[in-house]
Structures are given as C-alpha cells and as structure tokens.
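Take a look at the structure set out below.
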Amino acid sequence: MRAIFVMIKCEMGRAYEVAREMADTIEELSEMHSVSGQYDLLGKFYLGTDQDIGLFVVECVQSVPGVKDTYTLQTFNAFSANRE
C-alpha cells in the first residue's frame with residue numbers, strides 16, 4: 001500500500017457535502033480534513049501498488065459532484081517518533 005494526499009477545491013458551500021460523499025463511497029480514503037487556503041479539503045488515500053494514481057484521482061475523486069479542482073501529492077516514506 002502507498003499513501004497519496006489529494007488537495008480538493010470545491011464549489012462554494014459544498015466542501016462538507018463533498019467530504020461526506022467521499023467518506024461514504026471511497027474505500028481507499030483514510031482521512032479527510034477541512035483546511036484553509038487555496039483548497040478546501042485534504043484527503044489521505046491508501047492505494048494498492050498496482051493502482052494507477054492518475055486514474056484513481058480522475059475516476060474516484062474528481063468525479064464526485066461539487067469537486068472543482070485537485071492537486072495530488074505522492075508520498076515516498078512515512079516517518080514517526082521512535083517511542084519505546
């Protein structure tokens with residue numbers, strides 16, 4: 001599995017509706033956050049190594065009603081504190 005982050009710009013007044021729709025219908029969604037700035041939402045998705053990132057974003061994320069624009073970040077490594 002690999003994580004991607006997708007920043008999502010929504011039509012005015014539809015960010016929470018878009019977030020709820022994605023949470024209910026996209027099984028790859030791990031977390032969805034409302035954010036400030038140029039984009040309205042930040043989603044963390046886990047994809048299989050054989051899944052095409054571009055196809056996933058186009059078919060699963062951009063196709064949700066109310067989505068205007070997306071910006072995708074592909075991750076390489078995850079780091080966390082070393083706690084014993």
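Brief remarks follow.
- The alpha carbon centroids of region 17-44 and region 57-84 are separated by 9 Å.
- Where the Cα pairs of the chain fall when distances are cut into 10 Å bins, in %: 17, 52, 23, 7, 1
- Where a label projected 7 Å from the Cα of F5 along Cα→Cβ would reach, residues of region 29-54 with amide N under 20 Å: 29-48, 53-54
- Shown in residue order for region 61-74 are the 3J(HN,Hα) couplings computed by the Karplus curve 6.51 cos²θ - 1.76 cosθ + 1.60 at θ = phi - 60°: 9, 5, 7, 5, x, x, 7, 9, 7, 9, 9, 9, 10, 8 Hz (x for Gly and Pro).
- Cβ-placed point charges (K, R +1; D, E -1), dipole of the chain about Cα centre in debye, nearest 20: 280 debye
- Angle in degrees between helix 15-25 and the longest Cα principal axis of the chain, rounded to the nearest 10: 60 degrees
- Fully extended contour minus Cα-Cα distance, from V35 to N77, at 0.36 nm per residue: 12.8 nm
We did not get these values from a lab; they are worked out from the coordinates using the rules stated. Predicted model, so just to flag it, every value in this text is computed and none were measured. So basically every Cβ, Gly included, is an ideal-geometry build from the backbone, and we count neighbours across all protein chains shown.
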